[in-house]
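Rule-based calculations on the coordinates, nothing more; no lab input. If you're wondering where the values come from, they're calculated on a predicted model, not measured in any experiment. Ideal geometry is used to build each Cβ from the backbone, glycine not excepted, and the neighbour counts take in all protein chains shown.
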Amino acid sequence: MAQIQESGERVVANVERVIVGKHHEVRLAMVALLCQGHLLIEDVPGTGKTVLAKAIARSLGCSFRRIQFTPDLLPSDVTGLSIYNQKTQEFEFKPGPIMAQIVLADEINRATPKTQSALLEAMEEHQATVDGTTYKMPEPFLVIATQNPIEYEGTFALPEAQLDRFMLRLRLGYPEPLEEIVILDEQKHAHPLDEIQEVASVEDLHSMQQGVREIYVDSAVSDYIVRLVNATRGHPDIYLGASPRGSLALYRAGQAYAALQGRDYVIPDDIKALAEPALAHRLIIKTAATIRDVDQVALIHELLESVSIEASGAGRDRSGVRPV
């Protein structure tokens with residue numbers, strides 16, 4: 001576990017050279033990467049969403065492609081297409097930008113639902129089918145999608161099935177005034193992203209991903225996860241709660257979060273820290289509740305207060321001692 005923590009912190013520190021004052025958010029992005037999950041960053045323009053994706057790719061030496069989603073973007077512009085070669089008299093497949101290790105789907109909600117759906121197979125099964133032929137995605141494969149939560153004109157809301165395929169949802173937010181001064185000073189002559197170097201290899205990442213799956217999760221912690229997710233399905237203000245995929249996302253994310261903390265076991269505090277980014281975007285709020293300004297984040301925090309850890313004996317580590 002020491003190796004996972006050391007390598008993970010090295011990548012996080014490298015990314016933080018360009019993403020100032022967002023340690024928790026960068027760490028959550030690393031959690032998604034270790035779990036082979038996908039990331040949705042929902043924030044206003046100019047907060048560093050694209051820079052975060054590029055910094056992660058460069059820190060790990062991964063191939064990086066950016067897809068600018070627009071209303072006229074076609075599914076073949078994402079997955080690729082077969083073109084007839086007159087010299088060979090055969091069709092040749094030209095891979096699309098989705099065939100990269102880290103893919104930035106910028107302003108994903110600006111594309112039509114048909115184009116958005118081109119990502120579904122790639123995100124869930126790590127493959128794309130074009131003209132009846134299936135092509136495997138490179139490993140590791142991570143989709144980082146961005147969307148602006150403020151501007152709704154000319155956008156298409158992501159369907160529930162696609163939202164459910166994102167392991168975590170983040171919001172970077174504006175930097176503090178002192179942090180913004182640091183950003184200005186650092187970009188006086190050149191962008192710090194130009195100086196980002198590889199600090200861990202793809203092989204290191206594969207090893208970390210395999211190690212994360214060995215993190216111990218006690219049955220009591222698993223029970224706490226299930227009870228928390230089930231509570232989203234029975235809440236009076238929630239029309240549609242989190243799916244079993246949400247439970248698995250919280251379980252896997254807990255393993256990676258614990259590994260980055262240097263532990264080989266998951267505690268309930270890990271689950272509490274991850275509940276909002278792992279579950280909030282999966283909830284659909286009833287119309288009557290939205291009129292009362294009830295939002296997903298507030299409901300998750302309400303459920304964290306109401307669902308007891310001790311009810312099933314959770315809250316103890318492998319040695320049986322409650323964490324402080």
Quiz item: What order do you get for GLU139, GLU16 when you list them from fewest to most C-beta neighbours inside 10 Å?
Solution: GLU139, GLU16
Quiz item: If you look for lysine pairs in the chain that are eight or more places apart or on different chains, how many of them have Cα atoms under 30 Å apart?
Solution: 21
Self-check item: Nearest 10 degrees, 0 to 90: helix 296-306 Cα axis against the chain principal axis
Solution: 30 degrees
Exercise. Enumerate the calculated ³J(HN,Hα) couplings along segment 48-61 in order (Karplus 6.51 cos²θ - 1.76 cosθ + 1.60, θ = phi - 60°), each rounded to whole Hz, writing x wherever the residue is Gly or Pro.
Key: x, 5, 5, 4, 4, 4, 5, 5, 5, 4, 5, 5, 10, x
Quiz prompt | Mean separation of Cα contacts under 8 Å, 6 or more apart, over the residue count of segment 1-92: relative contact order % | solution = 22 percent
Quiz item: By how many degrees, between 0 and 90 and to the nearest 10, does the Cα long axis of helix 2-15 differ from the longest principal axis of the chain?
Solution: 60 degrees
Self-check item: Two-site label geometry, GLN197 and ASP131: point separation in nm, points 7 Å out along Cα→Cβ
Solution: 4.4 nm
Quiz item: Using the count of nearby Cβ atoms within 10 Å as a rough guide to exposure, how do ARG292, ARG171, ARG245 rank from fewest to most?
Solution: ARG292, ARG245, ARG171
Exercise. Along Cα→Cβ, 7 Å out, is where each label goes; now give me the distance between the ones at VAL44 and GLU90 in nm to one decimal.
Key: 5.4 nm
Practice problem: Let me have the relative contact order for segment 215-312, percent, based on Cα pairs under 8 Å that are six or more residues apart. | Solution: 35 percent
Practice problem: Select from ASN14, ASN230, ASN85 the residue whose mean-square fluctuation is largest in a Gaussian network model of the chain (Cα-Cα springs shorter than 10 Å). | Solution: ASN85
Quiz item: Given H placed 1.01 Å from N in the peptide plane, which residues other than close sequence neighbours of TYR239 have an amide H under 5 Å from its amide H?
Solution: ILE284, ILE285, LYS286
Quiz item: Who wins for biggest fluctuation among HIS23, HIS191, HIS206 in a Gaussian network model of the chain, springs between alpha carbons below 10 Å?
Solution: HIS191
Quiz item: So what are the ³J(HN,Hα) numbers for segment 235-247, from phi and the Karplus equation (6.51, -1.76, 1.60; θ = phi - 60°), rounded to whole Hz, Gly and Pro as x?
Solution: 6, x, 8, 10, 6, 9, x, 6, 8, x, 4, x, 4
Quiz item: Under the definition of Cα pairs under 8 Å and six or more residues apart, what whole-number percent is the relative contact order of the chain?
Solution: 22 percent
Self-check item: Theoretical ellipticity at 222 nm over the chain - DSSP helices of four or more residues, -39500 (n - 2.57) apiece, nearest 500
Solution: -13000 deg cm²/dmol
Quiz prompt | Cα gyration tensor category, rounded, prolate or oblate, for segment 215-312 with a/c compared to 1.5 | solution = prolate
Quiz item: If each residue's Cβ is checked for other Cβ atoms within 10 Å, how do VAL130, VAL143, VAL31, VAL226 rank with the fewest at the top?
Solution: VAL226, VAL130, VAL143, VAL31
Quiz prompt | Gaussian network model of the chain, Cα within-10 Å springs - most flexible of GLU160, GLU125, GLU90 | solution = GLU90
